[in-house]
Structures are given as C-alpha cells and as structure tokens.
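Encoded as structure tokens, the structure appears first; notes follow it.
The values are calculated or read from the model by the stated rules, or taken from the named source; none is laboratory data. Computed from a predicted structure; not experimentally measured. Every residue, glycine as well, gets a Cβ built from its backbone with ideal geometry; the counts of neighbours run over all protein chains shown. To get the accessible areas, we keep the full protein, side chains included, count just its heavy atoms, and leave off ligands, DNA and RNA. Shrake-Rupley method; radii C 1.70, N 1.55, O 1.52, S 1.80 Å.
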Amino acid sequence: MSAPSFAERCGIHDSAREAACRQLAALIEASGIDRVRLSWCDVHGQLRGKTLMAHAAVRALREGVGMVGTLMLKDTADRTAWKVFEAGGMDDLPGFAGAANLVLLPDPQSFVALPWQAGTGWLRCQPWFANGTPVPLDTRRVLQDALAALSGTGHGLRTGLEVEFHIYRLLETPAALSPQAAAWPGPAPEVAMIHPGYNLHAEALSDMADEPLAIVMRTAQALGLPLQSLEIELGPSQVEAVFDATDALTAADQMVLFRNGVRQALQRAGYHATFMCRPPFPNIMSSGWHLHQSLTDLASGGNAFVRDQPASGSTPLDARHTLADTGAHWLAGLLDHAHGMTALCTTTVNGFARFRPNALAPQSAIWGADNRGAMLRVVGAAGDTATRIENRAGEPAANPYLYIAAQIHAGLDGLQRRLEPPPATLTPYAEHGSLLPTNLPDALTAMAADPVLVRGLGPAFVTYLDRIKRHEAERHAQAEDQVEFERREYFARS
C-alpha cells in the first residue's frame, strides 16, 4: 500500500479532488501546456510562486511544492520583518525559524491558461506546514474562516468589485532592468499618460485610451472574470473596472487574478498599470476600491438585505427605509468597527492621502443613502433585489481577502449584538464626530484595540500584520525622500 500523498495528509484530498486532479492532468496534456505557474497571494495582495514544468505541476497537485517560509514575512520592499536566523527571533511565529520550508498545495479547480503567455497555465495555491497543518497566516484562509463563521448564522456574503486604477505608457526600457541602477527596491519606470483626465466618462478619452483598455478587456475575459464595464475616471490616466457580483471568496480570488493579469498583459504591450492609490505625479486623483456587499440567505438564496416596504414612519435617512433588519444590523456593525477595519481596507502609507474632503472618499465613520461622500453608501430601495451596502474606504492595492474578512467580522458583530445604525448623513464632509484614522500607524493601533476584529482574525494574525505593516511605515517615516520611497515601493510594484 502506497504512502498517503501530502494532500491526503492535509485532510483535503477526497475522491472528488482526485477526479479533479486527473481531469486537469488530461487537460494540460491535451492543450499543449508545457509549464504551470503555482501562485499564492501574500499579505500585501501580490502573487508569488514558482513555475513548474507540466509533469512536475501535475505531481504537485497531490504532493505540493516547497517554498521558503520567509516569503510570508516580507514587507512591501521584500525585506524580512523578522530575524529568522537569531535565537528567539521567531518565538512568536512557530514554524518559521531558520527560513524553514512551507509547502504550496494547488487547487486543481483554479486552473486557467494565461492568455498573454502561450503554453503557460496558472494554479492558485495555499501554504501548508510540512507536517500537513494549515498556515494560519495565509490571508485566503483568514477569509475562509470568516465565511465559515458567517455561515453559522445561515448567511453567505455576496460582493461586487468596483476598482479604480491608473494605466501609463512606458517610455523606455524600465530603468529597473539596468545593472547600474540595481537597488532594493529598484527604480520606478518612466511613463506617459494614456489620457489627460478631468473629463469624466468622456467618450473621446475612452477612444484615446482604447488600446490599453482593449488589452484589459481581453485579458479579463480570457481569464473568465465577470467584467461588466471599463470606464474613464476623472483623474489623468485613471480608469475603472466594474465586475458582476459573486460570492465573496470568488470575488477575492478574481481581484487577485485581475490585478496580476492586467499588469503583466499591459507590460508586454508597453504599458504600466498600477493599483497604487495616489501615483507620485502632480494633480493626480486618488484611486479607490469600492466594495459592494450584501448577505445571501443560504436557505432561500435571496438577498437578506431586501425589505418589501419601507418601515412605517421611516424616511430615506433611516436605515430601515431601505434595508431589512439584517441589513441594518450589518450596517451598524460596519460603522462600529470602522476605525479598526481601516488598516485592512487601506493598507499602504500612500493610501491614506485619499481621505480628504470632497474627494469622493470618506473621512468619517458615517453612512449615506446613495451618498458617495460617506464611508458606507446604501444603494437600492424596498423591493429592489440589488439592494446593498458599498464600503468606500478601500484602496485598490489592498489584500482582498483581508478587506472582505474585515467586513464579515464587523458586520457579524452587528448582527449578533443587534446593533442599530444612526441616521444617514446628508453632509459627509461637514461631520467630524468619528474621523477615520489618517495614517497607517494609527490605523494599526485601532485594529489592535478592536477586540472583535482581534478575536475574529486571531490575535497571532493581528500581531503578525501589525509588525509587517509597521516595518513598512517606519521605513517610510525615516526615508530622506518619501515621494521616491513611494515611487519605488508602490508605483513600481503595486
């Protein structure tokens, strides 16, 4: 009798997964795929992994592939935030001392053929310890755990992505490829804009930017992503992609795949895409990631935020004019934990520059009825099956698994404690009673001080995330040229 495979020792390999592995092996052989990228999403929302030859990738479906554990300990400059080779340096993170190996185990159902690279497939992975136990620091697992907790209430989460980002034309061979310019991190590319901006949704600007937008469209569609629209945003060289709503875990997976795919496909065509909130140029407009969310009743499949009629005596400033009781409690939970959530929604030093008056970005923990200046925008009406809450606090560089997990833990607390939201705002930039954190260190402090988020995410994970992000914030504070810091660390890599 043969020894159990690594996937079997992890307790996830059953007859259905074995059938999926066999089916994928046949597909790879029939389609002429000669190499497969095995990737996982790091704490910053970036894909990392290895490229295996086809036969090795098929073997890795059951046995996994090793990766150095320090990849989970990197800040945005790829610097390890722990002293992994010093005695006691890893006491708070068992299993990572000495840069020990982890094992990436692919999901056979996640396979896609990359449209921009012939003969190349892609598989989503998650890290495991060598003894077959899951790595709790894996951000996808953090979201899976949050969704499992939510399902205990009979609900699932449905989310829709609305993502702003910038596309530029590369002017020359990236300076980062010059041996004379090698640095850690390397220099940012020189670029030109694809449209001049300040003409929102202008058809002429859409035509001017047609070539890169067409690449984005074809890439997203070839990856099987439910792209709904591509739009010209207000800022210079800024665009927006909107996706159909789907279940939360799928939406997070799609966000990771979209960012990675469009950056690579555009770079091959001479363009640079960045999901950095505020690229380092004059007169730029910040990019946001607006996360639309509603709860699904797992028994009926219906939208649990929808109510048949406005509550008696209510006005549009009352949550129950639009939302069912479940939606009102969820809204109140998001407001109650807004400060602690901020570090999970806006995750870079750069992203906090977006929180300014009249910038279609939030300043305070308030909600509004279809009001884009509020942190939480309630969209819909009684009887409207598309009724939802839009959180506008996120930046497009955020890790999607953490962004969405934060919504679940906050909203779930609102449900369980039956919290009640205050009236809606009409003047989101005139109310300052509950200002959101204005910098990354303060946001991290607020996260660590929120017992609901700490319990939901896990104390060890909160400590881990706090250390990595403070490492980044401290280096930014100490930088002689903070603009150049952000160019190298965010514009070139995010």
- Query: What translational D, rounded to a whole number of µm²/s, comes out for segment 1-157 from Stokes-Einstein when the hydrodynamic radius is the Kirkwood one over Cα pairs, at 20 °C and 1.002 mPa s?
  - Reply: 126 µm²/s
- Query: Which peptide among 198-205, 368-375 comes first, and what is the full order, when sorted by highest mean count of other Cβ atoms within 10 Å?
  - Reply: 368-375, 198-205
- Counting alpha carbon pairs within less than 8 Å and at least 6 residues apart, what relative contact order, in whole percent, applies to the chain? 15 percent
- Note on the structure: In nanometres, the difference between 0.36 nm per residue of separation and the alpha-carbon distance of Ala192 and Lys83 is 35.2 nm
- For segment 273-318, state what percent of all Cα-Cα pairs lands in each successive 5 Å bin, counting from 0 Å until the bin that includes the largest distance. 5, 14, 12, 11, 11, 10, 9, 12, 10, 5, 1
- Note on the structure: Answer in debye to the nearest 20: the dipole magnitude of the chain about its Cα centre, from +1 Lys/Arg and -1 Asp/Glu charges placed on Cβ, is 840 debye
- Quick one: compute the contact order of segment 241-365, relative version, from alpha carbon pairs under 8 angstrom and 6+ residues apart, as a percent. 17 percent
- 1.4 Å probe accessible area per residue over the chain, in Å²: 40 Å²
- Note on the structure: Ordering 414-425, 76-87, 159-170, 9-20 by per-residue average of other C-beta atoms within 10 angstrom, highest first, gives 159-170, 414-425, 76-87, 9-20
- Kyte-Doolittle cut-off -1.0, length cut-off 27 Å along the helix's own axis using Cα: show which whole DSSP H helices in the chain pass. 248-268
- Item | Distance cut-off 31 Å, percentage of C-alpha pairs in the chain lying past it | 45 percent
- Scaled to the compact-protein estimate 2.2 N^0.38 Å, what is the alpha-carbon radius of gyration of segment 292-344, rounded to two decimal places? 1.28
- Rounded percent of accessible protein surface that carbon and sulfur make up, segment 180-232, 1.4 Å probe: 51 percent
- Note on the structure: Residues whose built amide H sits under 5 Å from the amide H of Gly394, excluding neighbours closer than 5 in sequence, are Trp289, Leu291
- Would you please give the residues with an amide H less than 5 Å from that of Arg169, counting only those at least 5 places away or on a separate chain, with H modeled from the backbone geometry? Ala192, Met193, Ile194, His272
